[in-house]
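Report on one structure; see the data block that follows.
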Amino acid sequence: MNKRRISDWFDPVLLLLILALLGYGLVVLYSAGGMVLVEKQAVRIGLGLFAMLFIAQIRPERFEQFTPIIFVVSVLLLVAVLFFGITVKGAKRWLDLGISIQPSELCKITLPMMVAWIFRHAALPPDWKHLAGALLVIGMCTGLIYQQPDLGTSILIALSGLFVIYLAGISWKLIIGGGFLAVLSSPVVWYFMHEYQKQRVLMFLNPEADPLNRGWNIIQSKIAIGSGGMTGKGWQQGSQTQLDFLPEHSTDFILSVLSEEFGFIGVALLFVLYAMIIMRCLFIASQAKNTYNRLICGALTLILFVYITINAGMISGVFPVVGVPLPLVSYGGTSVLTLLASFGIIMSVYTHKKLIQQ
Amino acid sequence: MSKALKQPLHEKRLFNERALVALVVVLMVFFLLLSRYFYLQVIKHDDYSAQADGNRIKIQRISPTRGLIYDRNGVLLAENETAYRLQVITEKTKDLNSQLNALQDLIGLDEEDLLRIRKDIKFNPAFKPITIKENMNEQEVATFAVQNHHYPGFKATPYLVRKYNHAKVMSHVIGYVSKINAEEFSNKDPNLYASDDYVGKIGIEKYYETELHGQPGLLKSEINARGRPLSQAIEQAPSHGQSLHLTIDLALQQAAYDAFADETGAAIAVNPNNGEILAMISKPGYDTNLFISGISHKDYQSLLNAPEKPLFNRSIKGGYEPGSTIKPYMALAGLHHKLITAETTMFSNGVYQLPNQKRKYHDWKQGGHGHVNVVNSLAESVNVFFYDLAVKLGIDRIEAFLKPFKFGQLTGLDIAGEKQGILPSRTWKKANRNMIWFPGETVITGIGQGYFVITPVQMAQALSVLVSKGQYTPLHLIQKQVATVLVHSDINTAHWDTVHQGMTAVINAPNGTARALASKDYVFAGKSGTSQVFGKSEEDIYKKNEELPKHLRNHALFVAFAPVQAPEIAVVVVAEHGASGTKAAAPIAKKIIDAYMQINDLLPADEEAHE
């Protein structure tokens, strides 16, 4: 047997890009939260990278095989959250199983896997029966997460499922029709929204109306970004960050820190890295050997894109504050672990595409 | 299988097409997001940069320290003391209600306080400090400090608060400071005042507010979002308020206050040579310290409703008839207008009547004083002599002559709130009563009755001119150079001397009304007076004053100066409802002069006592 090459173990291009992004993130995190947070995050990243490389060695057929079980487990965890979850700031999102986990994060991987699994043997574009099944599982996850309540995540989860449907080749007519329906139903959604969620949306529409409370975060974030200028104030020199004007600056608002200290050039560099990762992942998806692999690769990539967009848009005042971390950069364990795990799946698809070609 | 067959190549093409569209969307969205960042970071950079600077640098105000107030000998009368203010930041507390309840006993809060605190908490953001208690002393703070750990979010911060020494005696001179109110604040220069500053409300504190207040400095601090200063640098040092040195001699002030014993009234002692006010009291005084941190409703009501009216500054606001104390001025006017000479005598049979009028104007002494000249008339306070003189002078000449002495005019004393009073005249009566002047009114004007409303400070101002023979020096309370103007410069010096002689006779002549007060140590001069109190019933008018209930008795007046040869002190005393000038007011004036002599070592050594 031929000696296996590096690319048989993992995708060196993707790994390099991910490492660059993680490194960049740690540099910013050091400025935002100091060495203590960097050390903690480095441990999680290490774990995540290990998991990623481990997952990359698993044959994609195994994922396909275990998808229904993994999905059922994650749905059960979501149900468990509703009953046994830890209430933080009025919402039950966490489950204490020795370590705190956030089952909705798990769903970000398991739901697209499940939808892809439904479509795995179907002739694409999918017929009504498959579509109905896909929408059912999507609705189930979205509904459970919405109950926590977590509007932002439930929308993201729904999107992660819908991306699979889109990539499966559902007709443009249906896509446009669905989008139209979503817009029409927005008053109904508004009616069912919680008061604080309505306030968030209202605050987003006019942050200056309540500058001291809910609008404060966005105003301070915009000041941080804007005052960064073209080249930034320099590492650890951001006054908004260092003087604590910027809220949650190591988690959701870490891009504000980056913007303040590294300026527009720093932001552009970040987007270039993200764009390269997305391109690489979509390339891997297009090279995949079967429908299931293609669909999960593509969906996981697009959900990464959505994360980036919502976070970057939120902190710059384009979208409402929904509490979404910046992928691979924000401080936090669950997010980085799930993301690296999903990259592991993508890498697995990459490393196993050649077996079929032999 | 009824399902459609999979077509791998078609599906792959379909996927690639979708992935490509997605990639285009991704790149477009990224481009748009980057545009947003470009807009914020490059186009709007200057705006946000300025806002970030505003965030980081906080310019804070350093309150200037209020100037101190001393008496003429350097005795500290108004100072600044470190007090503590207990405040709470509600968002940092855990169980605010039970903490407040516990504090109620610990530091002593009443229901009124709690009501205010709860209101403040309700209407202020949670991060803003709410004052629980002001003006806590070291001991109260120590009590709290021991328990401090039970009260997260509560903090006692030191600040400077005004403190008045000898508050009661000095109350009507110094006045007090208190928190600036919204109206006052809107009238002040916002660069000088903060909304929680103290400001002089009355007295010296108000009149010299600008000098005492000083100019605030600026503290530039770099702070974090929690308001915690990271570094501080004084951008501009505050220029502290100017200290003031009063002309008041605290010892004399105290002596004057004590001389009143339980009586109410006013006394002013001045140096007639330079216009310095050595003592100025309005009895009773009150504790000005109560007002600084906000007087309680109960305390305020009890001060406001007290029958002795302690808040009323009689020395500048009390309006009285001068009564017979006007006689020396009348005598001087008569001499000056050559209506009388020092030798002119007239016969007093006890009654004066205007030609063709039935009304009789009486002497205080039944049957009259017999043949009297001007000096005797002053010594015995002969009304008939002055009725006659007033009629000869006429109201117009009386008004013109009295005006330069400042009767019925603001003296311009350097404390706020002086009342103008009334110098009777034809024009005044026309303007205020819309009536012509009657001759009978001229008669009683001659003995200081009728429409006169004169304040003690006006009496003191007039007396100082009379004593210094026409040198008008505006009275003042702060040590400063004041220009002296000669008034009535055309009056012959001999006339001044004659009047002084008459006033000396009041005390030192065998027939003087106040002969009982003559001092063996120095020679002083004076003149008593009675200011009528109206509101007596018809019946009461015929009673002797001493038999009336106290509040209906006439006010007793006495003006005096000493030593006669070279006057150094002039004194005006108003003893309210004292009935008789010589009995009630003159002894007080004597005590004040005695105290002055003693304080200034002007009494001859008592050799016998040493032997």
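The values are calculated or read from the model by the stated rules, or taken from the named source; none is laboratory data. Owing to the predicted nature of the structure, the values given are computational and were not obtained by experimental measurement. Ideal geometry is used to build each Cβ from the backbone, glycine not excepted, and the neighbour counts take in all protein chains shown. Each accessible area value is taken on the protein alone, full model and side chains, heavy atoms only, with ligands, DNA and RNA left out. Shrake-Rupley method; radii C 1.70, N 1.55, O 1.52, S 1.80 Å.
Odds and ends about this structure:
- Evaluated against (1) within 11 Å of chain B (Cβ to nearest Cβ); (2) within 23 Å of A:ILE138 (Cα to Cα); (3) among the aliphatic types (A, V, I, L, M); (4) open to solvent by less than 10 Å² (accessible area, probe 1.4 Å), A:ILE310 falls short on exactly one condition, (4).
- Meets criteria (modelled with pLDDT of 85 or more, out of contact with any strand residue (DSSP E or B) (no Cβ under 8 Å at 6 or more places or on another chain) and over 28 Å from A:PHE343 (Cβ atoms)) for A:LYS129: yes
- Residue list for the range B:209-249, filter: open to solvent by less than 20 Å² (accessible area, probe 1.4 Å) and at pLDDT 85 or above: B:GLU209, B:LEU212, B:HIS213, B:GLY214, B:PRO216, B:GLY217, B:GLY241, B:LEU244, B:LEU246, B:THR247, B:ILE248, B:ASP249
- Subset of the range A:161-191 (residues that are within 14 Å of another protein chain (Cβ to nearest Cβ), hydrophobic (A, V, I, L, M, F, W, C) and assigned to a helix (DSSP H, G or I)): A:LEU162, A:PHE163, A:VAL164, A:ILE165, A:LEU167, A:TRP172, A:LEU174, A:ILE175, A:ILE176
- Listing of helices (runs of 4 or more DSSP H) fully contained in the range B:523-611 that carry 1 or more residues being under 28 Å from the mean Cα position of the chain (by Cα), of a type in the set (A, V, I, L, M) and modelled with pLDDT of 80 or more: B:586-599
- Failed criterion for A:ALA158 (all others in (1) more than 14 Å from chain B (Cβ to nearest Cβ); (2) at pLDDT below 85; (3) in a helix (DSSP H, G or I); (4) crowded, with 20+ Cβ neighbours inside 10 Å hold): (2)
- In the range B:21-55, the qualifying residues are those that are in contact with a helix residue (DSSP H, G or I) (Cβ under 7 Å, 6 or more places away or on another chain), open to solvent by 60 Å² or more (accessible area, probe 1.4 Å) and of a type in the set (A, V, I, L, M, F, W, C), and the one that is farthest from A:PHE163 (Cα to Cα) is B:PHE38.
- Selected residue (only one of B:TYR84, B:TYR37 is within 10 Å of chain A (Cβ to nearest Cβ) and of a type outside the set (A, V, I, L, M, F, W, C)): B:TYR37
- Applying the criterion of being within 22 Å of A:ILE284 (Cβ to Cβ) and open to solvent by 60 Å² or more (accessible area, probe 1.4 Å) to the residues of the range A:10-34, the residue that is nearest to the chain's Cα centre (by Cα) is A:LEU19.
- Applying a threshold of 6 Å to beta carbon distances and a minimum spacing of six or more residues, or different chains, the list of pairs starting in the range A:60-72 at a residue that is touching a residue at least 12 places away in the same chain (Cβ under 8 Å) and part of a helix (DSSP H, G or I) and ending at one that is open to solvent by 40 Å² or more (accessible area, probe 1.4 Å) and not aliphatic (A, V, I, L, M) reads A:THR67/A:TRP117.
- Residue in the range B:362-375 that is basic (Lys, Arg), more than 18 Å from B:GLY323 (Cα to Cα), in contact (Cβ under 8 Å) with a residue 12 or more places away in the chain and not in a helix (DSSP H, G or I) present: no
The rows are residues; the columns are (1) assigned to a strand (DSSP E or B); (2) among the aromatic types (Phe, Trp, Tyr); (3) open to solvent by 60 Å² or more (accessible area, probe 1.4 Å).
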position	(1), (2), (3)
A:VAL36	no, no, yes
A:ALA42	no, no, no
A:LEU47	no, no, yes
A:PHE83	no, yes, yes
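- If you go through the range B:8-20 and keep only what is open to solvent by 50 Å² or more (accessible area, probe 1.4 Å) and either within 26 Å of A:LEU269 (Cα to Cα) or within 7 Å of chain A (Cβ to nearest Cβ) (or both), you end up with B:ASN16, B:LEU20.
- Residue that is farthest from A:SER342 (Cα to Cα), among those in the range A:49-81 that are polar (S, T, N, Q) and open to solvent by 30 Å² or more (accessible area, probe 1.4 Å): A:GLN65
- Of all the criteria given as (1) part of a helix (DSSP H, G or I); (2) open to solvent by 10 Å² or more (accessible area, probe 1.4 Å), the one not satisfied by B:GLN449 is (1).
- Only one entry of B:VAL270, B:VAL199 meets the criterion of being surrounded by 14 or more Cβ atoms within 10 Å (Cβ to Cβ), in a strand (DSSP E or B) and over 17 Å from the mean Cα position of the chain (by Cα), and that entry is B:VAL270.
- Picking from residues in the range A:271-293 that are more than 10 Å from chain B (Cβ to nearest Cβ) and within 27 Å of A:GLY234 (Cβ to Cβ), the one that is most open to solvent (accessible area, probe 1.4 Å) is A:MET276.
- Residue within the range B:147-165 that is over 19 Å from B:LEU290 (Cβ atoms), surrounded by 15 or more Cβ atoms within 10 Å (Cβ to Cβ) and among the β-branched types (Val, Ile, Thr) present: no
- Hey, B:GLN41 assigned to a helix (DSSP H, G or I), at pLDDT 90 or above and within 60 Å of the chain's Cα centre (by Cα) or not: yes
- The set of residues from the range A:112-137 being more than 14 Å from every other protein chain (Cβ to nearest Cβ) and more than 19 Å from A:PHE63 (Cα to Cα) comprises A:ALA132, A:LEU135, A:LEU136.
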